[in-house]
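In what follows, a structure is listed as structure tokens, so that the remarks can point back to it.
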Amino acid sequence: MSRRMRGGPLQGVRVIELTKVWAGPCVGKLLAYLGAEVIRIESEGSLDVTRTYGVADINNAPGFQSVNPEKLSVQVNMKTEEGIAIIHDLLAKSDILVENLRPGAVKRLGLDYEAVKASRPDIVYVSMGMFGTEGPLSYQTGYAPCFAALGGLSSRVGYEGGSPEGMNVRYADSTFGAAATYGALVALLHRRRTGVGQFVDVSAVECMSSMIGDTLMDFALNGAITGCDGNRHAQMAPHGVYPCLNDEWISIAVGGDAQWAALAQAMGKPELATQAAFCSLEARKAHEAELDALVSAWTAGRDASELAAELQQCGIAAARSQSSLDLVADPLLWARGFYQEVSDGAGQSKTTLGPSWTMDRAASISHGAPRLGEHNAYVLGDILGLSGEEQRALFDRGIAR
Amino acid sequence: MSALTGYRVLELSEHVAGEYCGKLLADFGAEVIKLENPEGGSPTRQLGPFAPRGDDPERSGLFAYLNTNKCSVALDVRRAADGQQLDKLLRSVDVVIDDHAAGWLQAVGLDPAGLETGYPALVLCSITPYGQSPPPERSHAEDITVFHSSGWGYHTPGTDDPQQPPLKGAGRFLPSYEAGLEAAICVASALYEREGSGLGRFIDISQLQVLASRADYVLAQMVAGDMPVGPERTAYNLQGPAGIFPCRDGFAYIWMSAPGHWEALRQLLGDPEWMTSFPENWLERECTPERVAQCRHYLARWLETQDKHEVAAAAQQLGLTLVAVNNASDLVCSEQYRYRGFFHEVEHPVQGSALYPTVPYTLSETPARIVSPAPLLGQHTEAALAAAGGEL
């Protein structure tokens with residue numbers, strides 16, 4: 001039985017993480033937020049670099065804390081056979097293993113799927129790699145922007161006729177983590193209904209491709225290779241991001257003629273709606289540069305938030321383009337519990353991101369990210385049944401700390 | 001059997017987010033019954049890309065992609081709600097997916113607040129731009145406005161040039177795909193628990209929150225006060241010379257952040273003169289804007305003489321993180337994608353045969369499968385009628 005019964009749909013599920021940096025830990029975070037007990041196995045000789053980025057105190061690293069709330073940490077020396085044996089013992093009492101180590105690393109550690117199956121035949125084993133674990137390019141590695149470039153996403157982001165700008169550098173890891181989480185849950189559900197575990201092999205690059213499925217369909221059906229299209233949308237006009245006062249921006253999307261008429265009215269130029277150049281979607285698409293210039297000239301003197309509220313009253317999809325300052329101040333995000341207080345092992349309170357969803361009977365979230373080895377006694381003692389003396393012997397020999 | 005075989009899902013969705021969620025469930029064998037308005041069907045049938053063959057409402061490649069493995073039952077939901085048909089359907093399914101605007105579910109008699117008493121075993125998942133209780137100034141939304149509410153828009157690209165408008169991101173529907181994926185996660189976990197408890201639950205997915213959570217590594221640091229926030233469009237950026245550069249046959253992306261990358265570049269370029277003026281550890285310790293600009297200048301001159309796939313292969317051998325910026329054609333031709341079977345040939349009765357993209361995970365026991373193409377409008381109405389004793 002798990003130590004922390006926090007409720008939520010995955011209460012009672014135990015997850016082991018052999019992960020680094022962002023994408024792998026994101027899987028554990030999502031599962032923990034759904035109620036699972038998630039245990040990170042950490043090794044002082046091979047620390048997650050996010051524990052050391054920009055800080056001297058590995059137990060107080062903001063990057064690590066951001067993607068590891070509500071998890072437990074056990075410290076095991078993975079360079080020793082005895083350490084690996086402890087991990088196998090723990091896996092025997094666990095449901096899911098998530099790993100995103102470098103290609104080949106779990107095999108070298110003796111923790112690949114075949115090896116783990118010997119300890120836990122029905123394990124759900126989730127492996128995450130840039131290209132997946134097998135295939136001609138599976139040896140390659142990269143970072144988030146590489147996933148987006150290789151997966152076809154970056155080629156779609158940029159100004160019309162220009163070089164691709166790509167998605168923001170931070171995009172990809174969490175999406176990769178979410179896709180892996182879904183694969184893990186499907187496999188877990190299958191196990192619950194049949195008793196059979198399986199190997200889930202997730203490709204970061206393919207995750208990116210799945211975010212432009214319709215672009216790939218255009219190629220499949222028409223051989224079309226679509227490049228950068230700025231802020232254009234084939235079936236909406238105006239559709240874009242327009243300048244406002246104080247270097248702020250507003251996004252506006254007009255879905256049909258009625259909304260366009262409402263926008264023209266709001267602009268104080270109702271006659272635009274019936275002009276031949278703008279009276280239909282086809283006409284507006286044909287004169288889109290002119291249309292965007294008219295809209296931009298009008299928005300330029302306005303406050304972005306006020307204008308968005310005004311356009312919403314007219315039934316038009318519009319929103320201020322939110323900066324990081326706007327995001328952390330967004331009252332809706334606070335009201336919906338997206339920002340939550342958690343406390344660390346020392347009782348210090350910290351604000352972090354809660355789950356994206358709200359649901360009935362949700363898991364409670366109250367703990368921040370763990371200190372290195374914070375839960376050694378729980379994992380080695382309560383789960384594995386080692387006596388205090390046995391645990392001390394492991395600490396003394398540097399197997400666990 | 002596949003992992004979700006035996007589960008019945010009622011799809012009330014009419015937009016990309018909910019249809020994508022239904023597709024992710026149908027991939028694994030769930031029976032997804034899609035209710036479609038008899039007059040023209042789902043609005044996604046009117047959205048491109050369009051196949052060169054076929055007429056409305058069967059020519060949309062978008063609909064064909066989003067609705068593989070599903071059944072289509074032509075039934076006006078509002079009319080069905082007035083009669084007892086909707087109620088009857090709701091009692092025969094395990095899951096309902098909806099992506100209409102907040103308040104719509106109540107309007108058809110499926111009040112989330114009354115779920116526990118009305119349909120206690122039902123997993124009801126709603127996907128909306130801002131959740132079930134949006135403030136008035138967030139009543140209307142499209143993907144681009146949600147993207148810009150979430151912070152991703154403002155920081156794409158991460159430029160400090162006030163003349164360049166921020167961008168909408170990749171394609172038209174990235175916020176919808178992300179939300180559909182998150183919804184599928186929540187539904188799968190709810191079904192897991194329901195196997196034991198027999199209880200359903202209401203799940204409220206906000207596209208804004210899903211997108212914002214995809215920046216968790218930075219946004220959590222910002223809201224904790226560990227990273228500065230401000231009006232800078234560069235707030236999510238990393239320093240360094242990384243970026244996309246033109247090649248002879250397209251574009252390549254290069255990432256450099258560590259001395260190992262610098263050394264690999266030196267080997268690849270044959271120790272060029274310009275690199276000698278940089279300190280060995282400059283990427284980590286002395287990454288000044290001047291050096292970044294200078295490095296980017298030389299990288300650009302070199303890469304414009306290279307072919308993207310060849311230079312990427314050579315770089316990867318040396319440990320330099322350089323990759324091709326792929327387009328749709330590159331992906332279909334990719335030997336890695338072929339090895340993993342990412343594209344799957346689907347024969348659509350009207351549109352013909354095409355290579356559909358599938359999913360980014362392979363499961364050894366229950367792989368995702370496309371068993372049937374997207375349904376024609378109302379294709380399964382009669383069968384559903386018969387199954388319900390003619391009373392739908």
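Computed from the coordinates by the stated procedures, all read-outs in this text should not be read as laboratory data. These numbers were taken from a predicted model, which means no experiment stands behind them. FYI the Cβ positions are ideal-geometry reconstructions off the backbone, even for glycines, and counts take in every protein chain you see.
I'd like the distance separating the alpha-carbon centroids of the stretch A:304-349 and the stretch A:224-256, in whole Å.
Result: 22 Å between the Cα centres.
Once phi is turned into ³J(HN,Hα) by the Karplus curve 6.51 cos²θ - 1.76 cosθ + 1.60 with θ = phi - 60°, what whole-Hz value does each residue of the stretch B:92-104 show in order, with x for glycine and proline?
The phi angles translate into 9, 10, 8, 9, 10, 10, 9, 9, 6, 4, 3, x, 5 Hz.
Once every Cα of the stretch B:243-326 carries one equal point scatterer and solvent is ignored, give the base-10 log of I(q)/I(0) from the Debye formula at q = 0.11, 0.15, 0.23 Å⁻¹, two decimals.
-0.26, -0.49, -1.18
Could you tell me what % of all Cα pairs in the stretch A:134-244 have separations over 16 Å?
Numbers: 4218 of 6105 pairs.
The calculated P(r) of the stretch A:134-244 puts 69 percent of pairs beyond 16 Å.
Of A:Lys93/A:Lys117; A:Lys71/A:Lys107; A:Lys29/A:Lys350, which pairs sit farther than 18 Å apart, going by alpha carbon to alpha carbon? The partial results should precede the final answer.
Working: A:Lys93/A:Lys117 12 Å; A:Lys71/A:Lys107 25 Å; A:Lys29/A:Lys350 16 Å.
Checking Cα-Cα distances, A:Lys71/A:Lys107 exceed 18 Å.
So, in nm, how far is label B:Thr305 from label A:His88 when the simple model puts each one 7 Å beyond its Cα toward the Cβ?
The two pseudo-label positions are separated by 5.5 nm.
Rank these for me by crowding, A:Glu81, A:Glu134, B:Glu137, going from fewest to most other beta carbons within 10 Å.
Numbers: A:Glu81 9, A:Glu134 15, B:Glu137 19.
In order of increasing Cβ crowding within 10 Å: A:Glu81, A:Glu134, B:Glu137.
Could you list the trypsin sites (Lys or Arg not before Pro) in the stretch B:16-62 that lie in coil according to DSSP, counting only those with at most 13 other Cβ atoms within 10 Å of their Cβ? If you can, show how the numbers build up before the last one.
Numbers: sites: B:Lys23, B:Lys34, B:Arg45, B:Arg53, B:Arg59; in loops: B:Arg53, B:Arg59.
Filter output for the stretch B:16-62: B:Arg53.
At q = 0.18, 0.22, 0.31 Å⁻¹, what is the base-10 log of I(q)/I(0) for the stretch B:64-114 according to the Debye formula with one equal point scatterer per Cα and no solvent? Please give it to two decimals.
-0.69, -0.99, -1.38
Ignoring everything except DSSP H segments at least 4 long, calculate the 222 nm mean residue ellipticity for chain A; use -39,500 (n - 2.57) per segment, divide by total residues, nearest 500. It would help to have the intermediate numbers written out before the result.
Values: 16 runs with 143 residues, N = 401.
Calculated from helices alone, the mean residue ellipticity at 222 nm is -10000 deg cm²/dmol.
Going by how many other Cβ atoms sit within 10 Å of their own, how do B:Arg291, B:Arg91, A:Arg191 line up, fewest first?
On the way: B:Arg291 17, B:Arg91 11, A:Arg191 20.
Ordered from fewest to most neighbouring Cβ atoms within 10 Å, B:Arg291, B:Arg91, A:Arg191 come out as B:Arg91, B:Arg291, A:Arg191.
Return one number: the angle in degrees, 0 to 90 and rounded to the nearest 10, between the long axis of the Cα atoms of helix B:259-269 and the longest principal axis of the Cα atoms of chain B.
70 degrees
Tell me, what ³J(HN,Hα) does each residue in the stretch A:295-305 have, in order and in whole Hz, if you take phi through Karplus 6.51 cos²θ - 1.76 cosθ + 1.60 with θ = phi - 60° and put x for Gly and Pro?
Per-residue couplings from phi come out as 5, 4, 4, 6, 6, 4, x, 10, 7, 4, 5 Hz.
Run through all the Cα pairs of chain A and give the fraction in each 20 Å bin from 0, expressed as whole percent.
Each 20 Å bin holds this share of Cα pairs: 23, 47, 25, 5, 0.
Stokes-Einstein at 10 °C, 1.306 mPa s, Kirkwood radius from Cα pairs: D for the stretch A:35-166 in µm² s⁻¹? Working shown, then result.
On the way: Rh = 17.3 Å.
Translational diffusion coefficient: 92 µm²/s.
What translational D, rounded to a whole number of µm²/s, comes out for the protein assembly as shown from Stokes-Einstein when the hydrodynamic radius is the Kirkwood one over Cα pairs, at 25 °C and 0.890 mPa s? Working shown, then result.
Details: Rh = 27.1 Å.
Rounded to a whole number, D works out at 91 µm²/s.
Explain nothing, just compute: Karplus ³J(HN,Hα) = 6.51 cos²θ - 1.76 cosθ + 1.60, θ = phi - 60°, for every residue of the stretch A:45-54 in order, whole Hz, x for Gly and Pro.
Here the 3J(HN,Hα) series is x, 8, 5, 4, 4, 5, 6, 10, 3, x Hz.
Give me the number: length gained by fully extending B:Ala81 to B:Glu195, i.e. 0.36 nm times residue separation minus the C-alpha to C-alpha distance, one decimal in nm.
Length difference between fully extended and current span is 38.2 nm.
Return one quarter of the surface area of the convex hull spanned by the alpha-carbon atoms of chain B, equal to its mean projected area, in nm².
Details: hull surface 94.3 nm².
Quarter of the Cα hull surface area: 23.6 nm².
Cross-link candidates for A:Lys269: which lysines have Cα within less than 29 Å, leaving aside residues fewer than 8 places away along the same chain?
Filter leaves A:Lys285, B:Lys168.
With a Cα-only, solvent-free Debye model of the stretch A:1-92, what are the log10 I(q)/I(0) values at q = 0.22 Å⁻¹?
Calculated log10 I(q)/I(0) at the listed q: -1.12.
If you wrap a convex hull around the alpha carbons of the stretch A:281-401, what volume per residue comes out, as a whole number of Å³?
Details: hull volume 29.5 nm³, N = 121.
Looking at the stretch A:281-401, the number lands at 244 Å³ per residue.
Give a quick list of trypsin sites (Lys or Arg not before Pro) in the stretch A:1-56 that DSSP marks as loop, anything other than H, G, I, E or B, with at most 15 other Cβ atoms within 10 Å. Spell out each step's value before the answer.
Working: sites: A:Arg3, A:Arg4, A:Arg6, A:Arg14, A:Lys20, A:Lys29, A:Arg40, A:Arg51; in loops: A:Arg3, A:Arg4, A:Arg6, A:Lys20.
Sites meeting the loop and neighbour criteria: A:Arg3.
Can you give me the P(r) profile for the stretch A:249-320? Cα pairs, bins 5 angstrom wide beginning at 0, each as a whole percent.
3, 17, 29, 30, 15, 5, 0
Is it possible to state the helix-based mean residue ellipticity at 222 nm for chain B, with each DSSP H run of 4+ residues giving -39500 (n - 2.57), the sum divided by total residues, to the nearest 500 deg cm²/dmol? What is it?
Values: 17 runs with 145 residues, N = 392.
It comes out at -10000 deg cm²/dmol, rounded to the nearest 500.
Could you order peptides A:248-259, B:200-211, A:299-310 by the average number of other Cβ atoms within 10 Å of their residues, highest first? Walk me through the intermediate numbers first.
Working: A:248-259: 21.1, B:200-211: 26.7, A:299-310: 17.8.
Highest-to-lowest ranking by the protection proxy: B:200-211, A:248-259, A:299-310.
If you restrict to DSSP beta bridges whose two residues both lie in chain A, what percentage is antiparallel, to the nearest 5? Kindly include the intermediate steps, with their values, before the conclusion.
Working: 16 of 39 bridges.
In chain A, approximately 40 percent of DSSP beta bridges are antiparallel ones.
For A:Glu389 and A:Ala293, what is the calculated FRET efficiency with R₀ set at 56 Å and r taken between the beta-carbons, to the nearest 0.05?
Details: r = 79 Å, r/R0 = 1.40.
FRET efficiency, A:Glu389 to A:Ala293: 0.10.
Over what distance in Å are the Cα centres of the stretch B:170-184 and the stretch A:161-222 separated?
Cα centroid of the stretch B:170-184 versus Cα centroid of the stretch A:161-222: 11 Å apart.
Kirkwood Rh over Cα pairs of the stretch B:168-255 into Stokes-Einstein at 37 °C, 0.692 mPa s: D in µm²/s?
Details: Rh = 16.8 Å.
Here the translational diffusion coefficient equals 195 µm²/s.
What FRET efficiency would be calculated for the residue pair B:Ala313, A:Lys117, taking the C-beta separation as r and a Förster radius of 35 Å, to the nearest 0.05? Kindly include the intermediate steps, with their values, before the conclusion.
Values: r = 34 Å, r/R0 = 0.98.
For B:Ala313 and A:Lys117, the calculated efficiency is 0.55.
What does the convex hull of the Cα atoms of the stretch A:182-228 come to per residue, in Å³, rounded to a whole number? All intermediate terms of the calculation are to be shown ahead of the outcome.
Numbers: hull volume 4.7 nm³, N = 47.
Expressed per residue, the convex hull around the Cα atoms of the stretch A:182-228 is 100 Å³.
Can you give me the Cα centroid spacing of the stretch A:21-47 and the stretch B:67-100 in angstrom?
Taking the Cα centre of each part, the stretch A:21-47 and the stretch B:67-100 sit 38 Å apart.
Binning at 5 Å from 0, report for the stretch A:6-47 what percent of all alpha-carbon pair distances ends up in each bin.
Calculated P(r), rounded to whole percents: 6, 26, 28, 20, 12, 6, 2, 0.
Can you tell me what share of the DSSP beta bridges in the protein assembly as shown is antiparallel? A percent to the nearest 5 is fine.
Working: 38 of 83 bridges.
Taking every DSSP beta bridge with both residues in the protein assembly as shown, the antiparallel ones total about 45 percent.
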